[in-house]
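The values are calculated or read from the model by the stated rules, or taken from the named source; none is laboratory data. No experiment lies behind these values; they were computed from the predicted model shown. Reconstructed Cβ throughout: ideal geometry from the backbone, glycine too, with neighbour counts over all protein chains shown. These accessible areas exclude ligands, DNA and RNA; they are computed on the full protein's heavy atoms, side chains included. Shrake-Rupley method; radii C 1.70, N 1.55, O 1.52, S 1.80 Å.
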Amino acid sequence: MRIVFIGPPGVGNGTQSNRLVAAYQIPHISTGEMLRAAIEQGTEAGKISAGFIDQGHLAPDSLVLALVEERLQQSDCERGYLLDGFPRTITQAQGLDQYLQARETPLSVVLELKVETALILERLAARGRDDDRPDVIRQRLERYAEQTAPLADFYRQKNLLQEIDGIGTPDEVFGRIQQVLMALPG
Ligand code: AP5
Ligand code: MG
């Protein structure tokens, strides 16, 4: 399985990714986690990304694409993987497409969790990560609407998009995701 999670900040992408990778025994590749680790370690990628993340803006496409491509080449990705929070722009999606086409390893499915904004704000306020400050959350939601939401159509046209109601307990949402995955062809 090669799975992509798009969906706005706070919708539950990370929460559901953790369940999915445990069930399918595939690596969880979260670009947000990778960038936070890079910042922590003080790498060049981390130094470049820190200001973007702190302001709720996206890190540069070229930087994120390079990180992901390097990660996908590791041997644990041969059996599949879950991409959480990547791609996030059309440029990233096109870059990923090129990479996957060259290797004849197409995506299995793109999952888009849906939750209304008021509930997202509640969830993020309760979590309290460094970038869960009201002004930054607003910026992240705006970046999503402008730069990432167009990916839904991009993947719908490729017949890969599956929209999932993200309201309910994490277990309820996971049940919906499992149903979608079980119904996939192949
Ligand atoms: P990233 O780490 O991806 O953060 P995000 O998109 O802002 O999303 P979150 O992690 O906040 O949301 P989530 O959906 O994972 O929510 P979670 O499951 O934790 O990115 C951070 C930053 O890195 C970006 O702003 C950007 O700057 C940069 N970046 C990352 N990827 C990039 C890329 N590809 N290109 C460029 N820049 C990039 O849930 C949230 C809370 O809700 C938790 O407390 C959870 O316990 C709770 N919760 C979850 N599900 C439920 C439920 N069903 N019911 C009740 N509570 C729930
Ligand atoms: Mg997350």
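For segment 100-122, which residues satisfy the criterion of being within 19 Å of LEU151 (Cα to Cα), of a type in the set (Asp, Glu) and in a loop (DSSP other than H, G, I, E, B)? Quick ask: steps written out before the conclusion?
Step one: filter segment 100-122 for residues within 19 Å of LEU151 (Cα to Cα), giving 100-101, 106-117.
Applying the additional criterion that residues be of a type in the set (Asp, Glu) yields 112, 116.
Residue satisfying the conditions is GLU116 alone.
Taken together, ARG19, ARG88 contain a single residue that is within 15 Å of ligand 2 (Cβ to nearest atom), surrounded by fewer than 18 Cβ atoms within 10 Å (Cβ to Cβ) and at pLDDT 95 or above, which is ARG19. Put simply, of GLN41, GLN73, GLN25 the only residue that is more than 15 Å from the chain's Cα centre (by Cα), without any contact (Cβ under 8 Å) to a residue 60 or more places away in the chain and on the phi > 0 side of the Ramachandran plot is GLN25.
Within segment 1-12, is there a residue that is over 20 Å from GLN139 (Cβ atoms), touching a helix residue (DSSP H, G or I) at 6+ places or on another chain (Cβ under 8 Å) and part of a helix (DSSP H, G or I)? The answer is no, given that none of the residues of segment 1-12 is over 20 Å from GLN139 (Cβ atoms), touching a helix residue (DSSP H, G or I) at 6+ places or on another chain (Cβ under 8 Å) and part of a helix (DSSP H, G or I).
Return the residue satisfying two criteria in turn: it lies in segment 100-117 and is of a type in the set (A, V, I, L, M) and farther than 20 Å from GLN16 by Cβ, and of such residues it is surrounded by the fewest Cβ atoms within 10 Å (Cβ to Cβ). Give the derivation first.
Initial filter on segment 100-117 (of a type in the set (A, V, I, L, M)): 100, 102, 107, 109-111, 113, 115.
Checking the rest, the ones that are also farther than 20 Å from GLN16 by Cβ come to 100, 102.
Details: LEU100: 14, ALA102: 8.
Filtering first and then ranking leaves ALA102.
Restrict the check to segment 60-79 and report whether at least one residue is within 29 Å of GLY168 (Cβ to Cβ) and either within 11 Å of ligand 1 (Cβ to nearest atom) or open to solvent by less than 20 Å² (accessible area, probe 1.4 Å) (or both). Checked segment 60-79: no residue is within 29 Å of GLY168 (Cβ to Cβ) and either within 11 Å of ligand 1 (Cβ to nearest atom) or open to solvent by less than 20 Å² (accessible area, probe 1.4 Å) (or both).
All told, ASP97 falls short of being assigned to a helix (DSSP H, G or I), open to solvent by 40 Å² or more (accessible area, probe 1.4 Å) and acidic (Asp, Glu). In summary, ILE48 fulfils each of the numbered conditions (1) of a type in the set (Val, Ile, Thr); (2) in contact with a Leu (Cβ under 7 Å, 6 or more places away or on another chain); (3) crowded, with 20+ Cβ neighbours inside 10 Å with the single exception of condition (3).
Residues of segment 1-53 that are within 10 Å of ligand 1 (Cβ to nearest atom), among the small types (Gly, Ala, Ser) and under 21 Å from ARG176 (Cα atoms): GLY7, GLY10, GLY12, GLY14, SER17.
Looking at segment 130-139, which of its residues are exposed (fewer than 13 other Cβ atoms within 10 Å of the Cβ) and either free of Cβ contacts under 8 Å to residues at least 60 places away in the same chain or closer than 16 Å to THR15 by Cβ (or both)? Listed by number, the list holds a single entry, PRO134. Residues considered: ARG140, ARG156, ARG129, ARG133. Of these, the only one that is basic (Lys, Arg) and over 19 Å from the mean Cα position of the chain (by Cα) is ARG133. Of the listed requirements (1) under 20 Å from PRO150 (Cα atoms); (2) aromatic (Phe, Trp, Tyr); (3) more than 11 Å from ligand 2 (Cβ to nearest atom), PHE5 misses just one: (3). Each residue in segment 162-180 was checked for being among the aliphatic types (A, V, I, L, M) and either within 13 Å of PRO87 (Cβ to Cβ) or open to solvent by less than 10 Å² (accessible area, probe 1.4 Å) (or both), and 3 of them qualify. Within this structure, ASP135 fails the test of being outside any helix (DSSP H, G or I) and more than 19 Å from LEU161 (Cβ to Cβ).
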